[in-house]
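Below is one structure, written out as structure tokens, with a few remarks after it.
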Amino acid sequence: MNAMQPPIERQRAAGPGPCPTVTTARLVLRPHRMSDADAIAQSLGDFQVSRMLARVPAPYDRQDAAEWLAVATTDLNAGWAFAITAGDDVHIGCVSFEWSDGAWQLGYWLNRFYWRRGYMSEAVHAALARFLMRMPGTEIRSGIFADNPASLRVQERAGFRITGCSDLFCAARGAMVPHIETRLEPGDFRPAAPRR
């Protein structure tokens, strides 16, 4: 390398800062703790949950959760990983923002026993509102497996639009799965309607 050339640096976005705590009508979104490992392992050990996520292996155990938390709870994580908690700090899921492939990516999951109650929409809206307050004008990408229409509805309610389709490897299924790519453009976020 020529001494006159600057070193090559990996592209890294300026992050939103430390993960905050966000309270909604029914939930508290807070930074993860190492003590969340058992709850995460229980939720992601359920194939009905892990099969809808690209990188989560099956089976998934406490060691997998501890390894993920070892990064998610440190400064090595440039984004946010909210623990979704309900009554008495019970860990029921996760909403995260991760810098990957040159863009901010939204990911989320919820323990199966809390599905169909509107918790995921409530958590995603609250997390997006706080993230965009810290990072205004940011484009956010996401996606869902094509056999997960409930997750697509969560994103569409928040203002995400479909941008393409492809096949993506799902670790839990051990196969390529049709995947719908989505994007939230700056200014398209739709805040949650007030709960009645």
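The values are calculated or read from the model by the stated rules, or taken from the named source; none is laboratory data. No experiment lies behind these values; they were computed from the predicted model shown. Using ideal geometry, Cβ is built from the backbone for each residue, glycine included, and neighbour counts are taken over all protein chains shown.
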Check whether at least one residue in the stretch 165-182 is part of a strand (DSSP E or B), more than 21 Å from Asp38 (Cα to Cα) and touching a helix residue (DSSP H, G or I) at 6+ places or on another chain (Cβ under 8 Å), and report yes or no.
yes
How many residues of the stretch 112-155 are part of a helix (DSSP H, G or I) and in contact with a Leu (Cβ under 7 Å, 6 or more places away or on another chain)? The answer is 6
Output for Cβ contacts, cut-off 7 Å, separation at least six or different chains, first residue more than 25 Å from Glu185 (Cβ to Cβ) in the stretch 96-119, second surrounded by 14 or more Cβ atoms within 10 Å (Cβ to Cβ) and of a type in the set (S, T, N, Q), reads Asn111/Ser43
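Here is a yes/no grid of residues against (1) under 24 Å from His32 (Cα atoms); (2) within 17 Å of the chain's Cα centre (by Cα); (3) not hydrophobic (A, V, I, L, M, F, W, C):
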residue	(1), (2), (3)
Thr85	yes, yes, yes
Arg112	yes, yes, yes
Leu128	yes, yes, no
Met135	yes, yes, no
Thr163	no, no, yes
Arg190	no, no, yes
Given the conditions (1) acidic (Asp, Glu); (2) surrounded by 14 or more Cβ atoms within 10 Å (Cβ to Cβ); (3) over 21 Å from Val154 (Cα atoms), report the number of the one that Asp75 does not fulfil.
(2)
I need the full set of residues from the stretch 137-153 which are over 14 Å from the mean Cα position of the chain (by Cα), of a type in the set (S, T, N, Q) and over 16 Å from Ala14 (Cβ atoms), in order please.
Asn148
Among the residues in the stretch 11-33, are any at pLDDT 95 or above, assigned to a helix (DSSP H, G or I) and not acidic (Asp, Glu)?
no
